[in-house]
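Report on the following structure.
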Amino acid sequence: MYQSLLKQALDDQKVHITLLKQTMDQMMFISNCTSDREFSVAESYCSRCSPESNSRLLPQISVTDSSADSRLIDWLKGLNLDQRSIDKFLMEEYCLEDILHYIGRDDIRRLGLRGGIELKVWKAILKWRKNHRPSITPLHISVVDNTEKDNNDNRL
């Protein structure tokens with residue numbers, strides 16, 4: 001009886017160790033996938049950890065959650081960004097308004113996107129900002145006119 005309990009305890013420990021190893025492997029995989037320099041290494045790692053080669057993979061957790069801005073996701077998909085790049089925006093909890101109105105090129109660079117993807121997003125932002133500039137209202141014109149008039153009066 002004690003021998004069977006001991007055997008069961010050892011088997012349980014082996015399962016726990018296996019699960020811990022798989023968790024560490026997946027954490028290393030995620031770390032590799034987020035690093036552009038090691039992307040090719042991560043791809044080869046992905047092929048080694050395919051379901052065919054390891055039948056006991058832990059469930060995957062999606063990076064995106066229900067609070068993610070669906071308009072941002074749609075906008076980024078409209079730029080033909082891959083899911084990995086979209087996830088980088090979502091990890092930082094940006095919304096579409098943040099991207100279109102406030103984000104700078106350095107902010108995008110800090111996301112660690114590939115160069116071409118970074119440039120594509122930045123060009124789309126600049127294009128959107130150019131097309132959505134606030135129009136000049138009569139109030140702006142009158143302020144400009146008065147300033148020019150004051151400057152002309154000071155010259156006399």
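Can you find a residue in the stretch 61-82 that is at pLDDT 90 or above, in the same structural domain as R114 (by TED's automatic domain parsing), exposed (fewer than 11 other Cβ atoms within 10 Å of the Cβ) and not in a helix (DSSP H, G or I)?
Yes, some residue in the stretch 61-82 is at pLDDT 90 or above, in the same structural domain as R114 (by TED's automatic domain parsing), exposed (fewer than 11 other Cβ atoms within 10 Å of the Cβ) and not in a helix (DSSP H, G or I).
From L90, L111, L100, L119, grab the single residue that is surrounded by 11 or more Cβ atoms within 10 Å (Cβ to Cβ), at pLDDT 85 or above and not in a helix (DSSP H, G or I). Don't jump to the end; show me each part of the working.
Numbers: L90 fails: not in a helix (DSSP H, G or I); L100 fails: not in a helix (DSSP H, G or I); L119 fails: not in a helix (DSSP H, G or I).
Checking each option against the conditions leaves just L111.
The values are calculated or read from the model by the stated rules, or taken from the named source; none is laboratory data. Only a predicted model underlies this, so the values are computations on that prediction, with no experimental measurement involved. All Cβ positions, glycine included, derive from the backbone under ideal geometry; neighbour counts span all protein chains shown.
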